[in-house]
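Here is the structure we will look at, set down as structure tokens.
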Amino acid sequence: MKTQFKSRQTGLSFLGLLFVGGVLAVCGVIGAQIVPTVIEFEAIKKAVNKASAGGTVAEVRAIFDRAGAIDNISSIMGKDLEVTKVGDKIVVKFAYQREIHLAGPGYLTLKYDGQSK
């Protein structure tokens, strides 16, 4: 008696491959637009920590503006910073948002905020 083994092929169909490729392409395009905003956020945090060494509000804003010119920060300026004094320490806070156009009327809104150490 002869036994036949049926082997069934499994895997991804061509339409499935196109769908997965399309999803990965969309995620890659959106990710490529998000990465520069995250890099800029890190530069802003570094500049805010550097600016908190200033003695007056005007000094803090001037230090931030100089650091922003070096690091090419365009989302926020020194005048947008909230400078307060807690005890004997100067605390610099910031908040801003960035919008990334997706398609048609759709936007991805990223909200960033932080303060000096």
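Quick look at the values:
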{"quantity": "Lysine-lysine proximity count for the chain, Cα under 26 Å, sequence distance 8 or more or distinct chains", "calculated": "28"}
{"quantity": "Given [x] -0.37, -0.68; [y] -0.26, -0.51; [z] -0.48, -0.70, the label whose value is log10 I(q)/I(0) by the Debye sum over Cα atoms at q = 0.10, 0.14 Å⁻¹ derived from this model", "calculated": "[z]"}
{"quantity": "Estimated distance in nm for a label pair at THR10 and VAL91, the labels positioned 7 Å out from Cα along Cα-to-Cβ", "calculated": "5.6 nm"}
{"quantity": "Listed residues LEU15, LEU102, LEU24, most fluctuating in the chain (Gaussian network, C-alpha, under 10 Å)", "calculated": "LEU15"}
{"quantity": "Cα centre as origin, Lys/Arg/Asp/Glu Cβ charges: the chain dipole, Debye", "calculated": "620 debye"}
{"quantity": "Ascending count of other beta-carbon atoms within 10 Å, so fewest first, for LEU18, LEU110", "calculated": "LEU18, LEU110"}
{"quantity": "Computed helical MRE - 222 nm, the chain, DSSP H runs ≥ 4 contributing -39500 (n - 2.57), nearest 500", "calculated": "-16000 deg cm²/dmol"}
{"quantity": "Neighbour-count ranking [beta-carbon atoms within 10 angstrom, fewest first] of ARG8, ARG98", "calculated": "ARG8, ARG98"}
{"quantity": "Charge-dipole axis of the chain as Lys and Arg at +1 and Asp and Glu at -1 on Cβ define it, positive-most pick from GLY21, ALA47, SER75", "calculated": "GLY21"}
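A short reminder: the numbers here are calculations on the coordinates, not readings from a lab. Keep in mind it's a predicted model, so treat the numbers as computed, not measured. Quick reminder, even Gly has a Cβ in these numbers, built from the backbone with ideal geometry, and neighbours come from all protein chains shown.
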